[in-house]
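Structure record follows, encoded as C-alpha cells.
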Amino acid sequence: MSMTMTQKILAAHAGLESVEAGELILVSLDRVLGNDITSPVAIREFDKLGFDEVYDKNKVTMVMDHFAPNKDIKAAIQCKMCRDFCREKEVVNFYDVGKMGVEHALLPEKGLVVSGDTVIGADSHTCTYGALGAFSTGVGSTDMACGMAIGKAWFKVPSAIKFVLKGKLQKYVSGKDVILHIIGKIGVDGALYRSMEFTGEGVSSLSITDRLTICNMAIEAGAKNGIFPVDEQTLAYIAERSDRKPVVYEADEDAVYDETYEIDLSAIRPTVAFPHLPENTKTVDEISEVKIDQVVIGSCTNGYYENIKEAADIIRGKKVADGVRAIIIPATQEIYMRAMREGLLADFIEAGCAVSTPTCGPCLGGHMGILAPYERAVATTNRNFVGRMGDPTSEVYLTSPAVAAASAILGRIASPEEVM
C-alpha cells in the first residue's frame, strides 16, 4: 500500500507494514515534551495513574519557558512542581532558567529530535520538528501523562495535503511569509487533522530556520503536523547537534493526497496577518498606514539566530520610532550568546530596543510585553487571536522579522525596502 511520509513514520513506530488514513494505531514515542504551563497538569495525571517512574529518563523533556523567569507566585509554583518531578524521576533533559530556551527552538538545537522520530508535546506548536523529517504533534496534558508513563500514544492516521514548492525566495522574504501566504490561501481550517507535506525543488533553497518556521505554524492551518523531506541540509544540521542516527522516510511516488498546491516561492511578497486570525493576510504592498505601539521579535516561530541577525541588519545604525516599544527575544541561550558575541545585541540596544532573556513571554500574553487597551503590536509570533497578547481590544499583526524590524523604525507596518 502506498503511503505518505508521515504515514510511513507512524507505521514504523506502530510496528505495522502499512497504515491508511483514518486508521487508529498505537505508536511508540521517541520523545515526550512539556512546558511550565502544561507539565503540571500532566504530572498530576501521571500521579493519578499510579506510576513511579517515567518510561525513559532520556526521552521525557520539560522546558520552563512560558512564564519563566517566573512572572508571579503562581508561575513560580508551576515551575517548582516541574523541577521537583524531574529531580525525583531523574529526568535528564530538564531545562530551567539560565539553561533553557523557547522549547521548540531548544530541542532541535540540543539534538533531541532527529529525522524519523515520533514526538508529542503538550503544546500545539510541537509540529515544529517536521522540519527535520520527524512526525511531531501537539497533544493534551493527559496524553502527555500517558506518554511519560508508557512511551506510547494513540493516533488516527492523518490524510495529507501536498505543497509543491518551486523557485527561490526574494530578498527580505522568509519562511514566515511562506506559511502566512499558505494559511491565507487555504484558511485556518484548510488542513484540519491532515499532514502538510512539503516537497519540490524549492525545498533545497529554504534554510532549516525557514522550514522550522513553516512547520511551527502548520497548526495554524489546523494541521496534525507539517513535514519536510530529509536532504543534505537536514542531515548536516542534525550531525552538528546529535550523535543519534537519523532514519529517513520518503513518500511513495504514488502516495495519495487529498489536495496538491503549487507554491512559487519567487512570487511571494512580505506578508502580514491582520487581526484576529492568521488567515487574514495581506502583502506589504496592499497595506495603507497602520500605526503601531509595540514590536516583538522572537518566539518559537522566529527567535532563531538567522531571524535575530536579519532584524539587526535592518535596525543597525537607526533608531526605533518614538512611541514604539521594540522587544527582542533570542529563542535560546546559545542564540543569545552568539548574537552578543557578534555585536547584534548592542545594535538593538543602541537603536532603543529592549533585549530579553529567552522566554515565550509576550507571545501568549504571559509577560515581557503585555498590550494595553487598543494598542497594536507587530509580532513575529504565531497567533493573533483576540486578547492573545493582552487586552481584548488590542491587536496583533503577525509578520516576518524583516517586516517587524522595519516597522519598529518607521512606527507603522512597513516593508524592509522602505528603510534599506
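The values are calculated or read from the model by the stated rules, or taken from the named source; none is laboratory data. This is a predicted model, so every value here is computed, not measured. Using ideal geometry, Cβ is built from the backbone for each residue, glycine included, and neighbour counts are taken over all protein chains shown. Keep in mind that these areas ignore ligands, DNA and RNA; they rest on the heavy atoms of the full protein, side chains included. Shrake-Rupley method; radii C 1.70, N 1.55, O 1.52, S 1.80 Å.
Brief remarks on what is shown
- Taking Lys and Arg as +1 and Asp and Glu as -1, the other residues whose beta-carbon sits under 14 Å from that of Val203 total -4.
- Working from Cα pairs under 8 Å separated by at least six residues, relative contact order for region 1-148 is 28 percent.
- Surface exposure of region 1-82, expressed per residue as accessible area with a 1.4 Å probe, stands at 44 Å².
- Overall form of region 340-420 per C-alpha gyration tensor (a/c, 1.5; a/b vs b/c): oblate
- Packing-based ranking, highest mean first, of 4-13, 64-73, 82-91, 255-264 given that Cβ atoms within 10 Å are counted: 4-13, 64-73, 82-91, 255-264
- Share of Cα-Cα pairs in the chain lying beyond 27 Å, as whole percent: 48
- Rounded, prolate or oblate (a/c below 1.5 giving rounded, otherwise prolate when a/b exceeds b/c) for region 218-374 by Cα gyration tensor: oblate
- For the chain, calculated [θ]222 nm from helices alone, where every DSSP H run of n ≥ 4 adds -39500 (n - 2.57): -9000 deg cm²/dmol
- Candidate lysines - alpha carbon under 25 Å from Lys171, same-chain residues fewer than 8 apart omitted: Lys185, Lys282, Lys291, Lys309, Lys318, Lys319
- Sorting 216-223, 308-315 by average packing, meaning the other beta carbons within 10 Å per residue, from highest down gives 216-223, 308-315.
- Accessible area of region 366-420 belonging to carbon and sulfur atoms, whole % at 1.4 Å probe: 56
- Surface per residue (accessible, 1.4 Å probe) for region 219-324, Å²: 48
- Under 13 Å, Cβ to Cβ, from Val63 - net charge with Lys/Arg +1 and Asp/Glu -1: -2
- Normalised by the number of residues in region 1-45, the mean separation of alpha-carbon contacts (under 8 Å, six or more apart) gives a relative contact order of 28 percent.
- Nearby aspartates and glutamates by direct alpha-carbon distance to Lys245 (threshold 19 angstrom, same-chain neighbours under 8 apart not counted): Asp30, Asp56, Glu109, Asp117, Asp231, Glu232
- Length-normalised contact order of the chain in % [C-alpha pairs under 8 Å, at least 6 apart]: 17
- Where Cα atoms sit under 27 Å apart: lysine pairs in region 86-160 separated by 8 or more or lying on different chains: 5
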